[in-house]
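Taken together, the values in this text are just the output of simple stated rules run on the coordinates, not laboratory data. Note that the coordinates shown come from a computational prediction; the quantities given were computed from them, not determined experimentally. Neighbour counts run over all protein chains shown; Cβ positions are idealised from the backbone, glycine included.
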Amino acid sequence: MVHLTPSAVGEVRRLLAKENKDQAGLRLLVKGGGCSGLSYGLNFDVRKDGDQEFSFEDIHVYIDPKSYLYLKGMTLDYVEALEGRGFKFINPNADKTCGCGESFSV
């Protein structure tokens, strides 16, 4: 399972409305690259065969099977701080995370 904080749900809902993507959900993924070897990705998409699907209120989250191996148990948060604002991945599977928080290694 993955988790979205209430602030992440609110921001995803806002972005979906802004981009007129009412029929889409949030896709979380892992791809090769970044300073630590793997990097996080997110975009708006529809459900595909084999996806893990999670729902948080009216927000659907989709994760392909390969990415789910790395994201199982993670929490997606949305933070607004002096340093900036954005989504924050809190991943218990990551052994090492880069300073920007967008890449990791296991």
Given a Förster distance of 22 Å, the FRET efficiency implied by the Cβ-Cβ spacing of GLU53 and LEU15, rounded to the nearest 0.05, works out to 0.70
Point-to-point label distance, GLN23-LEU82, nm (Cα→Cβ direction, 7 Å offset)
4.6
What lysines does LYS66 reach when the alpha-carbon gap must be under 16 Å and sequence neighbours fewer than 8 apart in one chain are set aside?
LYS31, LYS48
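Using only the Cα atoms of the stretch 1-76, build the gyration tensor, take square roots of its eigenvalues as a ≥ b ≥ c, and label the shape rounded, prolate or oblate: rounded if a/c is under 1.5, else prolate if a/b is larger than b/c, else oblate.
Details: a/c = 1.61, a/b = 1.51, b/c = 1.07.
Because a/c hits 1.5 or more and a/b exceeds b/c, the stretch 1-76 counts as prolate.
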